Structure formats: C-alpha cells, structure tokens
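Comments concern the structure below.
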Amino acid sequence: MHRRPFDLFRSARGAVAVFATVGALGLTGLARTDEPPADDDLLPRTARIEDAQALGVGRILPDLTLAPLRGEAQTISAILKSHKVLVLAVTGATCPVAMKYSARLAALEGEYEARGVAFAFINGVDAELDTDMARQVQQYRLKGPYLPDRDRALCKALGVRTTTEVFVLDGNRTLVYRGAIDDQFGINVNLDAPRTQYLRDAIDAALTGFRPRIRATYAPGCLVSVPSVAPPESDAAINYTQHISWILAESCVSCHRPGGAAPFTLDSYESVVGRAKMIQAVVGSGLMPPWHGATHAPDAPSPWVNDRSLSQHDRDTLLAWLRTEPSPPRGPEAPLPVLPPISRTWTIGEPDLLVTSSGFRLPAQGGLQHARVMVGFTPTDDKWVSALEFRPVENNSIHHALVWILAPGETLPKPEEVPGKLELLGTYSPGDTIIRYPSGMARRIRAGSIFLVDLYARPMGKEAISALRIAARWSASEPAWRVRSIAASAGALEPAPSAARSATTISLPLPPNARLLSLTPEMRSAGRAFTITQTGPGASLRSILAAPAYDFRWQIRYEFAEPRDIVGGTTLTLRGEHDPGAGPIGSGGTDDALLLSVEVIEPAGKR
C-alpha cells in the first residue's frame, strides 16, 4: 500500500502512528499506535525504549484545558506561568500497575514541588466512578489536579496508550519525554528496585534545559481505549510550520542556528527555502545530518541514545517538501519549535575543572592540519568525572579532536602513533561537545594524569589559534559503576596490491562481568567504510554497527541507550576499508590508522 510520506509515523514495533486533527476540538494529536500489533505484542509486560520522534517527543503540545475533579479548570499555559515543568501523569484508580505507581508519583510530586514542577493526573478509564478517583487522591495524597477524562479528549490529544504513561512538558509546552515512570513494575513484573528512573531523569533534564538521555519508552499498564484518528488526506498538507520545522529542530537546528557550530542557520522558513537545492543534495546523499549509520531495523527505535540521523519517514517528508513547485509551502499559523537557548557559560553547569590545551597556529590556507598537544590534569587527588564538555578556544578553529588520558607511569606515544594503549576520554566534533554519564556512573581520573589532545583543523581563510578547552564536573561520591575505556588499534596500514580499497581488521576482547556503554571507531582521513561485529561463546557473528559511507570529519561516540551485558569471551571486531590513494594530512598526521575504543562499566570497587 502506498503511504504518503508525511502521513504515517512508525512506532517501535512497526505499528502505524499518526499526527492528526482531533475532531471539533481542533487539537493536534500526538502519535499513538492505531494498527493492531502482533499477537505476542498486544500487552507488553515491561518498559522498553521507543522511537521518540515517532511518538511526538519534541513537539509543542496544544494548550489543553484541564478540568479537575475538584476546583477550577485551567490551561496548560496557565500552569506553566508559575512552574518550570509540568508532568501529565495518566493513572487509574483500579488498575493494579497504576495503583503500584500512585505512591511513587505522590513522592515525586512532593520532592519536586519546591523546584517548580507541577503534576496533573489524568484518568481515562471510562468505567471508574468519581468516588473511585476521590479515594485514590485521598489514599495517596495527590496534590495536583485530578482530571476525569470522560470524553477521552485529553487521552486522544496526547495519544495515551496505558494507565501508567507520563508526559513531561517544559515551560514552552514542548513534550520532552513520554513513557514509563521507571522499570520496576509491569504486567506480572515486580523488581526489587528500579534500574532506570526515566521520569526522574526527564524532570531533572527539563529543569536544566537539556534533553533527557532517554526520551520515549513504553509504559506497561492497563490499556486505554482511545479511538483511532484518520490521517490527513492530501500531500499538499506538507508544510513548514506543521511538519518541516519540527524535523529540522530535531536533527539540524541544534547546530544550524544563531551562535551554533554551523556556518549558517536553518531556523526559519526563509533560511531553509533559500538553501533548498543544497539541502536536497546533502540530505539525499546522506552527508547530513552527520551520522555514519547504525544497524537496526527501520521500524525499531535506534539503539543509540545520541542518534541524530533522519528517520526514513522524516527524510522522505523533507525531500518531498523541498521539491514542491513552484515553492515549498509555509503552512498556516502554528506553534513553532522552541529550542533551549545556547549556553553562554558551560552547558554541563559550573565546571569543577577547566583546563585549556596548548595550541598551534592554523594558517589561512592549506589542507587539513593535525597537531598533538598536552594539558595537565591539575587536581592533586583522584577524581570521579560525571560530565565532560569540550569547546574550541576560537570558533571554527577545530574541526574535531580526540582527547586521551596519559596516566602516571604510562609511556608517551610517538607523534605519528595511534595512542590505542591509552584510555580515550572523549571526542569533540561540531554539535557533539558533551558527555554526560548516566546516573550512578562516573570515570576515575588519577592525580598526575595528562590529557593528550589530537587536534584536527582545516584552514578557513584566516589565521587562527587551534586550542581546546576541557571542562569537567565531579561526581558527588564514588559511583556504583566505574566507566573506563579499552581499545584496539593499527597504524601505517598496508594497501592491498592493485586494489582501489584495502581492508584491515582489528579485534578487541571485552572484559567479563562488565557492561558495554559506548563505541568510538576512528579511521583517519583514508577511511571509507567500516563494520563492527560481535562474537561470543556459542554465538554466531552479529553486526552491531555499520558505516557504509564513513566520513573522517565526524568522530562519533555511539552511546547505547541501554548498556549491554557482556558475556565472558565476547569479542568485537572492527573491519575498516580505506583508500590507499588518499593524500596525507598536514603537520605529521597519519591518514590510514584504525582504532576501536569502547567504554565499559564495571562495579566501582573493581580495579
């Protein structure tokens, strides 16, 4: 069946979800599952990560009117005039899973009240009486407005699926998270304690202007019956205000905005239409947004928490709109995405450590330049790092950088050598400047260490000093999980005789009883493609990451949305293809090295 590119949004299990108009209310509904799922998926029993874009995360919610069981009705915008964040928590007075979570919601409501977070509770269970709802309010001491959604208008507008789903809105009415409260309870599932606090993490992120690390999950609970909504009828409905601005805000505008890392903006209709042909070219070829690629089913959520690639739907929608003749339509007046302001200080907060590398002079003209510089780690005792941020001293003076840890007693690598025996602290690329470890995790840096910084820069028509600033925040206490990096590398790769491309393979055994947090492959300027596969005891070869069109200019740290358990004997293998005809980069850099660095987490007491 042919589907218009803007009509359908796919959920994590391949079911169709839609954004559509809700009858006479005139409310733009958020995506929800409307096609029946497979028989074994009718009632998911546990929380699971889902595709945030497909579920409307990042969109501005309509200014819904909330009519409570007791008290005066008020709009969402009225509540947000006096609060920083609003949590809309779907619940039920008789659903067993919702009952288990009622006390937790009340505790979170009390904990965050002083920090400007409001809660409202939506009951979409048609069969429950006012007395049932009043008893739930009294029993669990819920303070926020309790909303009997008799006509299910709120549930329809939100695309509610279950009685435990929560929706977190920032001060602009932007939906920043939807899904489960945590992963402790489900259908016949009762863990001793939650492993992941989805709602708490989302509230904390919204209060500080960040995106939550995980932005959408399925919330196991009693299913809510909400009528399906028909999709739009005409391709002419694709327009900038209602569709394209949201796609660009999600994947492009974080860099292409005033003060951003990119050289021009894409934050207005005029700026996009004026570059329509160029955008068609770079999006159509896969050059932008910069993301090398990852292997996961098209209808499944990405396993990478930092995946900024366009979904196939969004790519098709954007390209179809750009090709509209005589001109791509602007669309009706509608709320546009509101981006958090660019921080003029440090986005991670006030740094506990701020150091600047020595720099090198970048000429006005010439090819890609490389320099390896050093900066000391100044604390006199060991530190646990919970967040990092990298920034160039001068804008456009660094295209990307890799930062290594030279611990006391380790040997300084030669200038042309790949420092694969050192721990990789992190990478910098435009738009990728921050590492935030999940709650309960931190990296230990020993006193007396040195940061070894590989700087890469391309002359931009004027002389500049290329140097990197490194900011870090300490963990308040020793974490439950220690983050560390291990790597395998190869340098001075030999080209195969009479071959347009050569291939080199390196293997990296993983430690047992650990979990895999992230992957960082690097191939230098001669790299053209790579695959990373995983093998283990009794397991067949499995591809976990592939980049058929690798671009050396973007050094990407692929962070798993959920750290993966490592079975003893597991090995990762990186197979890289490189072009033997690529010219060397300047200032002594090598152009054909191969590296695979991974972050693993282990109990902090392990050494």
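Among the residues of segment 440-473, those identified as of a type outside the set (A, V, I, L, M), open to solvent by 10 Å² or more (accessible area, probe 1.4 Å) and modelled with pLDDT under 90 are Gly440, Arg458, Pro459, Gly461, Lys462, Glu463.
In segment 536-557, which residue that is among the hydroxyl-bearing types (Ser, Thr, Tyr) and within 17 Å of Ser597 (Cα to Cα) is modelled with the highest pLDDT? Among them, the one singled out is Tyr550.
For every residue, the table says whether it meets (1) acidic (Asp, Glu); (2) surrounded by 19 or more Cβ atoms within 10 Å (Cβ to Cβ).
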position: Thr505; (1), (2): no, no
position: Leu519; (1), (2): no, yes
position: Gly527; (1), (2): no, yes
position: Pro537; (1), (2): no, no
position: Ile544; (1), (2): no, no
position: Ala547; (1), (2): no, yes
position: Tyr550; (1), (2): no, yes
position: Asp565; (1), (2): yes, no
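The set of residues in segment 28-47 being at pLDDT 85 or above and either within 18 Å of Asn123 (Cα to Cα) or surrounded by 20 or more Cβ atoms within 10 Å (Cβ to Cβ) (or both) consists of Ala47 alone.
Residue-by-condition table, conditions (1) open to solvent by 40 Å² or more (accessible area, probe 1.4 Å); (2) within 25 Å of Pro212 (Cβ to Cβ); (3) touching a helix residue (DSSP H, G or I) at 6+ places or on another chain (Cβ under 7 Å):
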| position | (1), (2), (3) |
| --- | --- |
| Lys100 | yes, yes, no |
| Ala103 | yes, yes, yes |
| Asp130 | yes, no, no |
| Arg141 | yes, no, yes |
| Gly144 | no, yes, yes |
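Can you confirm whether segment 69-83 contains a residue that is in contact with a Gly (Cβ under 7 Å, 6 or more places away or on another chain) and at pLDDT 50 or above? Yes, some residue in segment 69-83 is in contact with a Gly (Cβ under 7 Å, 6 or more places away or on another chain) and at pLDDT 50 or above.
Residues that are under 28 Å from the mean Cα position of the chain (by Cα) and open to solvent by 10 Å² or more (accessible area, probe 1.4 Å) were ranked within segment 146-173; the one that is nearest to Leu129 (Cα to Cα) is Leu154. Any residue in segment 71-87 that is within 23 Å of Pro44 (Cβ to Cβ) and part of a strand (DSSP E or B)? Yes, there is a match, as at least one residue in segment 71-87 is within 23 Å of Pro44 (Cβ to Cβ) and part of a strand (DSSP E or B).
The set of residues in segment 195-226 being in a strand (DSSP E or B) and open to solvent by 50 Å² or more (accessible area, probe 1.4 Å) consists of Leu223 alone.
Please work out if Arg59 is over 28 Å from the mean Cα position of the chain (by Cα) and of a type in the set (D, E, K, R). Here the answer is no, as Arg59 does not meet what is asked. Selection within segment 558-600: residues that are part of a strand (DSSP E or B) and among the small types (Gly, Ala, Ser). The member of this set that is modelled with the lowest pLDDT is Gly586. Right, Gln365: outside any strand (DSSP E or B) and closer than 30 Å to Ile465 by Cβ or not? Yes: the conditions hold for Gln365. Here is the figure for segment 519-534: residues that are touching a Ser or Thr at 6+ places or on another chain (Cβ under 9 Å) and modelled with pLDDT of 85 or more total 8.
So that you can scan it fast, the table gives a plain yes or no per residue for (1) more than 29 Å from Ala490 (Cβ to Cβ); (2) modelled with pLDDT of 85 or more; (3) touching a Cys at 6+ places or on another chain (Cβ under 6 Å); (4) of a type in the set (Val, Ile, Thr):
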site: Met374; (1), (2), (3), (4): no, yes, no, no
site: Phe377; (1), (2), (3), (4): no, yes, no, no
site: Asp381; (1), (2), (3), (4): yes, yes, no, no
site: Phe390; (1), (2), (3), (4): no, yes, no, no
site: Pro415; (1), (2), (3), (4): no, no, no, no
site: Val418; (1), (2), (3), (4): no, no, no, yes
site: Arg436; (1), (2), (3), (4): yes, yes, no, no
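If you go through segment 406-449 and keep only what is over 30 Å from Ala262 (Cβ atoms) and in a strand (DSSP E or B), you end up with Leu406, Glu423, Met441, Ala442, Arg444, Ile445.
Within segment 406-417, residues that are over 21 Å from His370 (Cα atoms) have Cβ atoms under 8 Å from residues that are surrounded by 13 or more Cβ atoms within 10 Å (Cβ to Cβ) and not charged (D, E, K, R) in these pairs: Ala407/Leu422; Ala407/Gly448; Ala407/Ser449; Pro408/Ala447; Pro408/Gly448; Pro408/Ser449; Glu410/Leu422, counting only partners at least 6 apart in sequence or on another chain.
Within segment 264-293, the set of residues being more than 30 Å from Leu545 (Cα to Cα) and touching a residue at least 60 places away in the same chain (Cβ under 8 Å) comprises Asp267, Tyr269. Look at segment 313-333: where a residue is under 10 Å from Ile238 (Cα atoms) and a partner is open to solvent by 70 Å² or more (accessible area, probe 1.4 Å) and assigned to a helix (DSSP H, G or I), sitting 6+ places away or on another chain with Cβ atoms under 7 Å, you get Gly331/Gln242. Taking (1) touching a residue at least 40 places away in the same chain (Cβ under 8 Å); (2) surrounded by 14 or more Cβ atoms within 10 Å (Cβ to Cβ); (3) under 19 Å from Gln197 (Cβ atoms) in turn, Glu109 satisfies each apart from (1).
The values are calculated or read from the model by the stated rules, or taken from the named source; none is laboratory data. Not measured: the values here are computed from a predicted model. So basically every Cβ, Gly included, is an ideal-geometry build from the backbone, and we count neighbours across all protein chains shown. When the accessible area is computed, the model is the full protein with side chains, heavy atoms only, and any ligands, DNA or RNA have been set aside. Shrake-Rupley method; radii C 1.70, N 1.55, O 1.52, S 1.80 Å.
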